[in-house]
Amino acid sequence: MRPRLSGATASAAALGLLGSLVTACGSSGSSDGTVLRLVAAEYGNSPENSSKVYWDRLTADFVAAHPGKKVEVTLYPWADVDREVTRLVEEGNAPDVALMGAYSDFAAQGRLYGADELLPVRVESNFLPPLVEAGSVDNTLYGFPFVASSRLLFYNKELFEKAGAEPPKTWSDLEEAAEALKKESVPYPYALPLGPEEAHAEALIWELSNGGGYAGETGGYDIASDRNTQTFRWIKKNLVEPGLTGPVPPAKLNRKDAFTAFLRGEVGMLNGYPSLLHEARAKGMKVGTLSMPVSDTLKDGQPTASAGVADWMMAFKRDGNRELVGDFLEFVYEDKNLSAFASRYHLLPSTVTASLASKDAADPSNEQFLDALSVAELYPVNEPSWLQVSNTIKRNIGRAVEPSADPKAVLDGIADEVREMSSPS
């Protein structure tokens with residue numbers, strides 16, 4: 001059952017694709033149907049790879065195909081885009097289209113078009129099913145998935161060969177490999193980034209590998225489930241306490257720092273996404289990738305989901321803009337246009353046809369990430385309270401593996417906070 005929208009929630013932003021989340025408060029205004037305003041996050045980190053290059057080309061092509069129309073694009077860093085869109089919305093000057101990390105606060109206030117109001121059936125039905133699930137509320141798609149990413153376990157092949165370790169398939173295999181890496185003085189046998197930057201991603205990966213997760217079976221949250229508790233007890237006992245997670249306490253290790261250590265050759269294993277693999281290969285590293293090892297307590301053949309994240313297009317309702325917005329989004333989601341953006345930033349396209357084309361591309365790793373995305377579970381972004389909830393998880397879940405902590409008590413504390421912020425006001 002999909003969660004139901006029950007009202008707006010205040011929220012805060014986070015950084016990075018797999019943790020970038022934004023929010024806003026409402027919209028109004030009108031359009032003359034000739035000028036479309038797009039506000040989007042900046043994915044590049046230099047003038048050379050700025051998203052401006054992509055949008056300049058795409059909007060020029062769109063205008064050429066739609067004489068008399070105009071597209072104005074404003075880019076903001078991920079750290080600022082939510083605040084700027086919030087400001088515009090509060091001033092009654094919402095953009096026609098926004099590209100950010102979450103949509104449900106806007107949808108909760110009835111400010112967004114559903115896909116069925118804008119897109120032809122062939123376009124709407126082309127989105128990957130797990131992304132449709134995450135982008136929908138009450139069976140209506142409000143968050144149009146743009147680019148996505150999945151996570152795989154990365155391992156340094158040279159360090160593994162030196163340690164005589166085997167690529168792990170289960171948690172006990174992972175523990176055994178980490179022990180072998182530690183004997184070879186690898187600083188981080190397994191890097192466990194449960195610091196506040198992106199702890200909710202690492203935690204979800206582990207929870208899913210034990211059949212758990214954040215979402216309840218009928219909507220809402222199930223943070224302190226038996227499976228999640230079992231997961232953190234295992235991590236604490238089998239990885240953290242034996243010193244297999246490195247010199248930095250997991251609660252203080254951020255994803256960015258873990259990735260940097262991996263690129264320095266100091267990490268045996270960690271969970272990564274496509275752009276990290278690209279960076280590692282550019283440095284000449286030999287990296288293996290595989291699905292996250294699963295709990296030894298799961299029955300043979302019991303399916304587990306991988307972790308995935310998407311960034312979302314959303315279309316604001318404004319008098320007179322519906323036809324132009326629909327035409328623009330239909331153009332954006334043409335395979336060549338969507339794939340051009342995804343490949344520019346080593347991300348995954350959000351549609352079936354573009355994904356199939358990406359599998360046939362030169363990089364063979366695309367297929368493994370795309371296969372993981374096809375069975376992925378995403379953050380419960382269709383819960384309007386998710387932005388607050390995710391920040392609570394990021395701030396606190398690392399404490400579950402601290403030496404003096406009781407994982408159950410920590411998860412119960414998070415669940416209590418979540419229950420308060422997600423209750424109808």
Within region 332-356, the residues that are surrounded by fewer than 17 Cβ atoms within 10 Å (Cβ to Cβ) and among the hydrophobic types (A, V, I, L, M, F, W, C) are Ala340, Val352, Leu356
Of the residues Pro145, Pro130, Pro95, which is open to solvent by less than 10 Å² (accessible area, probe 1.4 Å), closer than 29 Å to Leu356 by Cα and either within 24 Å of the chain's Cα centre (by Cα) or of a type in the set (Phe, Trp, Tyr) (or both)?
-> Pro145
Cβ-Cβ under 8 Å pairs, at least 6 apart or on other chains, region 103-127 side hydrophobic (A, V, I, L, M, F, W, C) and at pLDDT 95 or above, far side open to solvent by 60 Å² or more (accessible area, probe 1.4 Å) and part of a loop (DSSP other than H, G, I, E, B) = Leu112/Lys317
Output the residues belonging to region 313-331 that are touching a Lys or Arg at 6+ places or on another chain (Cβ under 7 Å) and open to solvent by 50 Å² or more (accessible area, probe 1.4 Å).
-> Lys317
Considering residues of region 163-178 that are out of contact with any helix residue (DSSP H, G or I) (no Cβ under 9 Å at 6 or more places or on another chain) and among the acidic types (Asp, Glu) only, the residue least open to solvent (accessible area, probe 1.4 Å) = Asp173
Restricting attention to region 260-284, and to residues there that are touching a strand residue (DSSP E or B) at 6+ places or on another chain (Cβ under 7 Å) and closer than 19 Å to Ser185 by Cα, which single residue is surrounded by the fewest Cβ atoms within 10 Å (Cβ to Cβ)?
-> Gly265
Output yes when any residue across region 408-416 is open to solvent by less than 60 Å² (accessible area, probe 1.4 Å), of a type in the set (Asp, Glu) and part of a helix (DSSP H, G or I), and no when none is.
-> yes
Is it true that Arg264 is of a type in the set (Lys, Arg) and at pLDDT below 95?
-> no
Scan region 70-88 for residues that are farther than 10 Å from Ala40 by Cβ, buried (at least 17 other Cβ atoms within 10 Å of the Cβ) and under 19 Å from the mean Cα position of the chain (by Cα) and jot them down.
-> Trp78, Asp82
One residue from Arg111, Arg151, Arg122 being within 21 Å of the chain's Cα centre (by Cα), open to solvent by 10 Å² or more (accessible area, probe 1.4 Å) and not hydrophobic (A, V, I, L, M, F, W, C) | Arg151
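The values are calculated or read from the model by the stated rules, or taken from the named source; none is laboratory data. The structure presented is a predicted model; accordingly, all values stated were derived computationally and were not measured. Ideal geometry is used to build each Cβ from the backbone, glycine not excepted, and the neighbour counts take in all protein chains shown. These accessible areas exclude ligands, DNA and RNA; they are computed on the full protein's heavy atoms, side chains included. Shrake-Rupley method; radii C 1.70, N 1.55, O 1.52, S 1.80 Å.
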